[in-house]
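For reference, the structure is listed below as structure tokens.
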Amino acid sequence: MKAVIVYESMFGATREVAQALADGLRSAASGTTVTVINVNQAGESIAAGADVLIVGGPTHIHGMSRPESRAEAVTWADDSDRTLTLEPEAPGIGVREWLESLAESTGARGAAFDTRADFPRILSGAASNAIHKALSKHGYTEVVPSESFLVTKDGPLEEGERARAQAWGQRIASSLMGPPD
Ligand SMILES: Cc1cc2nc3c(=O)[nH]c(=O)nc-3n(C[C@H](O)[C@H](O)[C@H](O)COP(=O)(O)O)c2cc1C
């Protein structure tokens, strides 16, 4: 089985979720090839031939990031009152732009995730809603419902979120493999 995880991350939290998710997938489905790649390295054909495409990004202004919100994030990283460090791979596009040029899938499965602040979802919004819609529009069938992983006010993931991401990866692997014969 071939799994591709494409993530966007300004400060590292979504990257950590993507990596934990990959660990979960690998542990639950031995022999699975898992590619974890930043959206700026992904190119247009990274998902070709994948059995499952998993896409995640940070929630910015209730949805997927835009150039303006990513520019705002850069100013947050420059602000000495905050303890955020800009990811070296952050400058460039986000998953919104990457999904626009995604090729139509014929039969692959898809899953969406995001990171967001620890507020009720109705207040925070969740980028995974829009990522899920874009994957469906491009022919990807949902393998498991979308998921959000929470960050603290200061930036890093909340305690327990890495483990939850690993478990979500295992769940994706189980759903793909189906019930045992
Ligand atoms: C410009 C900007 C807007 C944001 N808007 C929201 C928001 O509407 N809802 C939310 O829950 N978090 C919001 N956040 C917090 C991000 O979700 C958080 O920075 C992100 O999950 C961290 O992931 P990353 O380290 O991978 O970039 C915003 C962050 C930035 C920089």
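FYI, it's all coordinate maths here, none of it is from the lab. Just so we're clear, the structure is a prediction, and the values are computed from it rather than from any experiment. With ideal geometry, Cβ positions are generated from the backbone for all residues, glycine too; neighbour counts draw on all protein chains shown.
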Contact order normalised by residue count of the chain, Cα under 8 Å, 6+ apart, percent: 29
Rounded to whole Hz, the Karplus (6.51, -1.76, 1.60) HN-Hα couplings of region 109-122, x for glycine and proline: 9, x, 8, 10, 9, 8, 10, 7, 6, 8, 10, x, 3, 5
3J(HN,Hα) from dihedral phi, region 163-169, Karplus parametrisation 6.51/-1.76/1.60, rounded to Hz, x for glycine, proline: 5, 5, 5, 4, 5, 5, x
With Cα atoms, 0 to 90° folded angle of helix 13-28 axis to the chain main axis: 20
Farthest positive-ward along region 57-96 dipole, Cα basis, beta-carbon charges - from Met64, Thr85, Val74: Met64
Dipole in debye (nearest 20) - the chain, about Cα centre, beta carbon charges: Lys, Arg +1; Asp, Glu -1: 460
Label-to-label distance, nm, for residues given as Asp79 and Ser45 (7 Å Cα→Cβ offset): 4.3
In Å, descending, principal axis extents of the Cα set of the chain: 56, 34, 30
Helix 127-137 vs. the chain, principal-axis angle (Cα, 0 to 90°, nearest 10): 40
Cα long-axis angle, helix 67-78 against the chain (0 to 90 degrees, to the nearest 10): 60
Rg/Rh for region 126-176, where both radii come from Cα atoms and Rh is the Kirkwood radius: 1.04
